[in-house]
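Okay, structure first, notes after.
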Amino acid sequence: MHKWQVSGLCSLTATVLLTSVALTGAQAAANEPAPRKVNETEITPFVGYMAGGEFEDPGIAGGIGSDRDVKENSNYGVFFDFNADGPERQYEVLYSKQGSEVDGVAPMDLDIEYLQLGGIVNFTDNPRVIPFFGITVGAARFTPDAPGLSTETKIAFSIGGGLKVPVTDHIGIRLDTRAFVTLLDSNADIFCVSSTGNASCRIRAKSDTFLQYAGMLGVTVGF
């Protein structure tokens with residue numbers, strides 16, 4: 001075989017190899033998922049189910065039949081999240097409201113609201129399913145639906161976690177489970193009404209903490 005034939009064959013082989021490598025690289029790049037857009041703000045309206053919470057009857061405090069439980073019921077609200085240090089860490093504002101009833105000899109309707117500030121940590125290793133954990137601190141407000149009874153506002157905090165499931169760049173699903181802890185004075189009566197000559201209270205705190213649990217499902221909109 002002549003030298004020019006060998007040289008031409010070598011050149012052709014090198015060209016084919018380079019072309020093959022280039023095409024393989026381009027195909028691999030095309031198969032890689034496009035990076036998901038990072039949203040700076042997320043708003044998540046949610047609905048859920050809340051359980052727990054216990055008081056006692058001040059007339060028979062500590063005795064048999066003194067417990068007055070808050071009935072399980074649905075809750076609703078909204079999460080606001082703002083990136084603090086990239087999407088892995090976010091500041092969070094939480095509002096939740098439950099309309100329920102306190103059982104007992106004289107049942108009483110009761111609204112329980114939480115307004116909380118805090119933050120969450122997102123574990124973004126898998127962009128399709130993102131676990132998170134968070135802590136918030138704020139207030140709980142108890143509003144009895146009975147004439148003359150006082151509304152009570154107490155310090156509260158929450159600890160929770162769950163999953164975020166992005167659907168598109170701007171829409172996702174959030175699953176959240178959370179414990180709400182409200183600080184009370186176990187020696188104090190609450191929801192009191194006073195009038196000329198007499199005063200009465202409907203409920204006494206059973207312990208120093210009022211504990212509720214909630215599971216919530218929301219749709220996240222990112223900007």
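Test residue 132 against the stated conditions and say whether it is assigned by TED's automatic domain parsing to the domain that holds residue 217, buried (at least 16 other Cβ atoms within 10 Å of the Cβ) and aromatic (Phe, Trp, Tyr). Answer is yes for this residue.
Checking each residue of the range 182-201 against the condition of being among the acidic types (Asp, Glu), in contact (Cβ under 8 Å) with a residue 60 or more places away in the chain and either on the phi < 0 side of the Ramachandran plot or surrounded by 15 or more Cβ atoms within 10 Å (Cβ to Cβ) (or both) gives at least one match. Look at residue 90 and say whether it is within 20 Å of the chain's Cα centre (by Cα) and closer than 22 Å to residue 183 by Cα. So residue 90 does not fit the description; no. Among the residues in the range 37-57, are any of a type in the set (Lys, Arg), outside any helix (DSSP H, G or I) and either surrounded by 15 or more Cβ atoms within 10 Å (Cβ to Cβ) or modelled with pLDDT under 55 (or both)? No, the range 37-57 contains no residue that is of a type in the set (Lys, Arg), outside any helix (DSSP H, G or I) and either surrounded by 15 or more Cβ atoms within 10 Å (Cβ to Cβ) or modelled with pLDDT under 55 (or both).
Is there any pair with a first residue in the range 125-137 that is closer than 13 Å to residue 172 by Cβ and a second that is in a loop (DSSP other than H, G, I, E, B) and not polar (S, T, N, Q) whose Cβ atoms are under 9 Å apart and which are 6 or more apart or on different chains, and what are they? Taking only residues 6 or more apart or on different chains, the pairs are 127/33; 127/35; 127/36; 130/87; 130/123; 132/123.
Give me a count of the residues in the range 92-120 that are of a type in the set (Gly, Ala, Ser) and under 13 Å from residue 159 (Cα atoms). Qualifying residue count, the range 92-120: 2.
Quick grid of which residues meet (1) of a type in the set (D, E, K, R); (2) surrounded by fewer than 14 Cβ atoms within 10 Å (Cβ to Cβ); (3) outside the structural domain of residue 143 (by TED's automatic domain parsing):
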site	(1), (2), (3)
80	no, no, no
85	yes, yes, no
94	no, no, no
97	yes, no, no
116	no, no, no
119	no, no, no
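Restricting attention to the range 151-162 and to residues that are out of contact with any Gly (no Cβ under 9 Å at 6 or more places or on another chain) and exposed (fewer than 15 other Cβ atoms within 10 Å of the Cβ), the residue that is nearest to residue 101 (Cα to Cα) turns out to be 151. Applying a threshold of 9 Å to beta carbon distances and a minimum spacing of six or more residues, or different chains, the list of pairs starting in the range 205-216 at a residue that is within 13 Å of residue 158 (Cβ to Cβ) and touching a residue at least 24 places away in the same chain (Cβ under 8 Å) and ending at one that is hydroxyl-bearing (Ser, Thr, Tyr) and not in a strand (DSSP E or B) reads 209/186.
The values are calculated or read from the model by the stated rules, or taken from the named source; none is laboratory data. As the structure is a prediction and not an experimental result, all values here were calculated from the model. We place every Cβ from the backbone using ideal geometry, glycine too, and count neighbours over all the protein chains shown.
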